[in-house]
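Structure first, commentary second.
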Amino acid sequence: MVSVPFVKMVGAGNDFIVIQARENLNYAQFTRAICARHNGVGADGVLILDKSAQSDYQMRIINADGSEAEMCGNGARCMAAYIVANLKPVKALFGMETLAGEILAEAQGDVARVRLSDPKDYRPNLNITVANQKLEVHYIDTGVPHTIVFVDGLQEVNVNSLGALIRNHPRFAPRGTNVNFVEHARGGMVSVRTYERGVEAETLACGTGAVATALVAYLHDNPSVKKQKEAFMKVLTASKEILEITFDLDEGSKIDNVWLKGSAKLIAKGEYYYNG
């Protein structure tokens with residue numbers, strides 16, 4: 001039996017176990033065990049803080065099913081808050097290496113802000129057939145692959161059933177895709193419910209999904225806007241927290257300088273007794 005110190009954090013309803021990197025620990029097996037809701041601590045994934053030769057820190061993200069994710073927006077905010085609280089970095093704005101590239105982060109108290117890697121592979125207006133139903137969807141990679149489905153009656157959507165079918169659709173093979181069901185809400189805000197790849201279920205929030213939702217909704221609703229600095233969108237998540245996204249839109253629909261702001265709260269800390 002191994003005792004592993006951990007911290008549990010939550011960002012907009014997305015919960016994570018944060019640990020320091022350890023030698024001889026099978027991260028996939030460990031994550032499946034500790035993330036179990038009844039026999040473990042329970043979480044959507046594990047965040048591993050490690051040293052980096054390319055940035056100030058390295059963050060690895062292991063999904064609840066043991067697969068490794070390239071990026072996680074809510075997780076990045078939680079890691080940023082963890083670093084500020086525990087490592088007291090000299091720089092207010094610091095870098096974190098991820099599989100999706102370096103991101104920048106800053107945190108103060110229970111609020112954190114991260115700059116994501118530039119989105120890529122935007123493919124609007126894709127037509128797919130799912131369960132004999134024709135759908136128009138929109139695809140974008142915000143560090144991990146995301147598909148956007150605009151709907152009316154968001155609360156009536158069977159996210160787990162329809163989400164699983166789209167997530168595994170041949171159009172998005174071999175990586176698969178996260179799936180975001182999106183509805184326009186009051187005051188120019190959009191609401192989203194997300195089926196997360198790696199969790200294989202709906203989660204209360206997804207940071208990269210909120211970013212994908214904001215970007216696609218903005219481009220969808222403002223086709224005549226070709227250039228815009230610090231475009232701003234609010235996204236209402238299933239947890240009822242509103243995430244704030246800003247970005248720059250340049251000529252040729254190039255999007256960069258994408259920032260995600262939201263909560264990053266400490267829930268608990270302790271030791272996990274692992275029998276791996």
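Here is how the numbers come out for the structure above:
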| read-out | value |
| --- | --- |
| Qualifying residues in the range 160-184 (those that are touching a Lys or Arg at 6+ places or on another chain (Cβ under 7 Å) and closer than 19 Å to ASN63 by Cα) - the one surrounded by the most Cβ atoms within 10 Å (Cβ to Cβ) | VAL179 |
| Some residue of the range 137-150 being surrounded by fewer than 17 Cβ atoms within 10 Å (Cβ to Cβ) and of a type outside the set (Ser, Thr, Tyr) | no |
| Top-ranked residue of the range 56-75 - restricted to ones that are polar (S, T, N, Q) and touching a strand residue (DSSP E or B) at 6+ places or on another chain (Cβ under 8 Å), ranked as most open to solvent (accessible area, probe 1.4 Å) | GLN58 |
| Of all residues in the range 12-41 being among the basic types (Lys, Arg) and within 18 Å of GLY198 (Cα to Cα), the one that is surrounded by the most Cβ atoms within 10 Å (Cβ to Cβ) | ARG32 |
| Those strands (runs of 3 or more DSSP E) lying entirely in the range 1-71 with at least 1 residues touching a Ser or Thr at 6+ places or on another chain (Cβ under 7 Å) and of a type outside the set (Gly, Ala, Ser) | 14-20, 45-50, 57-63 |
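The values are calculated or read from the model by the stated rules, or taken from the named source; none is laboratory data. Not measured: the values here are computed from a predicted model. Positions of Cβ are generated from backbone atoms using ideal geometry, with glycine treated the same way; all protein chains shown enter the neighbour counts. Note: areas computed on protein heavy atoms with side chains; ligands, DNA, RNA excluded. Shrake-Rupley method; radii C 1.70, N 1.55, O 1.52, S 1.80 Å.
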